[in-house]
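Below: one structure, written as structure tokens.
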Amino acid sequence: MLHSFRTTLLFVLLSIQVSSQDDHTMHHQDKLDNDMQHDSHLITSGPIGVMGDHMHHKGTFMFSYRYMKMNMSGMYANSSIVGESEVLTDFVIVPSTMSMSMHMLGGMYAVSNDVTIMAMANYSTNDMSLKMRSGTEFETESNGFGDLKLAILAKLFAKDNYTSHLTIGTSIPTGNLEKRDQTPMSENALLAYPMQLGSGTWDPFVGFTIAGIESSLIWGVQSQFQYRISKNDMEYALGNQFIMTSWLGYKTSEHLNFTLRASFEDHGSISGSNPEMNPMMMPLFNTENSGQRRVNLYAGTNWLINDGPFKGTRIGIEGGQTVYQNVDGIQMNQGFQFTTGIQFVFGSSH
Ligand SMILES: [Cu+2]
């Protein structure tokens, strides 16, 4: 993981050097500003499930709202399904299903043609149904604001038909780490790690995005690495995270495109542990059952408005399915997820 992070950085540094030596590309770059950035993050619009895939023209604001939902059911041990009864021989409680839904608000503002700043906030609701060894079933829920994210997007290099940028940011620990609910054991039980709303730490991240267009085809690749500097107040740190995703899309017109996307995620294990969570009680209280690698496939579509008073508006939807997962220990089986959202652009338009 660290290796791919270094490779990305090296690639980025080399690219900066190449583009600064290549003076005659400046003309192309101006053209690209007009074609691909101004109003038109739209022209290369990737899937709505990808964050920070584009930049904006100087003075432009963008406001976005997304809704994301994800379902999990059953348990995985390493890379195969494991039955509830098997889990219940080692633990008192087994989780059966979990659903997560998230409302995300985002803002972007282009300080210059080369620098866009971005902020994101989210509110999520997590529901989990669980079963006890005795056969009793119960449910827990947590909801609230998660961690805020701030980032700077800096343009790296661009040619006639593609553009790329570096993302540097941090998440801010605004999400609650002590969500509780009523269970058969306690009036006020602390919920498992995946039900908590934040990391509890300032987590810097760095990303690289390249996206382009080739007649009716749009494409893009984005990688991001997030690092946990320290443990939180509850004496643990979530794992570092590496995500790489790439997409391919087809424009049927200037107003509509269809996309396919694959993503690879590597979430590191939790280090330390919250002393209040009894690791013998249920798998998700045990930090040995954290850390996983997943591959997801997605299909999506974007509807784009290129003129009139709502110029720059985009409505997108994307659905996906986890097709491969390899988890450390025993964890929940991730299945279907989907994201839908709308983006509005306003401000400077030359
Ligand atoms: Cu934007």
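The values are calculated or read from the model by the stated rules, or taken from the named source; none is laboratory data. A quick note: this is a predicted structure, and the numbers were derived from the prediction, not measured. Here the Cβ is made from the backbone with ideal geometry for all residues, glycine too, and neighbour counts use every protein chain on show. Heavy atoms of the whole protein, side chains included, go into the accessibility calculation; ligands, DNA and RNA do not. Shrake-Rupley method; radii C 1.70, N 1.55, O 1.52, S 1.80 Å.
Worth a mention:
- Count Lys and Arg as plus one, Asp and Glu as minus one, and take only other residues whose Cβ is under 11 Å from that of GLN182; the net charge is then -3.
- Average accessible area per residue (Å²) across the chain - probe 1.4 Å, nucleic acids and ligands excluded: 46 Å²
- Across the chain, Cα pairs under 8 Å and at least six residues apart give a relative contact order of 19 percent.
- Summed over all non-identical Cα pairs, the Kirkwood treatment of the range 231-289 gives a radius of 14.7 Å.
- Note on the chain: Kirkwood radius taken over Cα pairs, Stokes-Einstein applied at 37 °C and 0.692 mPa s, translational D equal to 153 µm² s⁻¹.
- For the range 212-330: rounded, prolate or oblate by the Cα gyration tensor [a/c cutoff 1.5]: prolate
- Residues listed by number, the range 48-90, amide nitrogen under 11 Å from PHE346 label point at 7 Å toward C-beta: 61-63
- Backbone N under 15 Å from the ILE229 label point (7 Å along Cα→Cβ), restricted to the range 200-222: 200-206
- Positive contributions from Lys and Arg (+1) and negative ones from Asp and Glu (-1), summed over other residues with Cβ under 9 Å from the Cβ of ILE342, come out at +2.
- Cα→Cβ-extended label distance, 7 Å offset, between SER216 and ALA262, nm: 2.4 nm
- Global form of the range 131-276, assessed from the alpha-carbon gyration tensor, a/c cut-off 1.5: prolate
- Think of each Lys and Arg Cβ as +1 and each Asp and Glu Cβ as -1; about the Cα centre, that makes the dipole of the range 2-347 roughly 360 debye.
- Neighbours of THR140, meaning other residues whose beta-carbon lies under 14 angstrom from its beta-carbon, give a summed charge of -4 when Lys and Arg score +1 and Asp and Glu score -1.
- Length gained on full extension, THR136 to SER96, computed as 0.36 nm times the residue gap minus the Cα-Cα distance: 13.2 nm.
- The slack in the chain from ASN278 to SER129, taken as 0.36 nm per residue of separation less the alpha-carbon distance, amounts to 51.8 nm.
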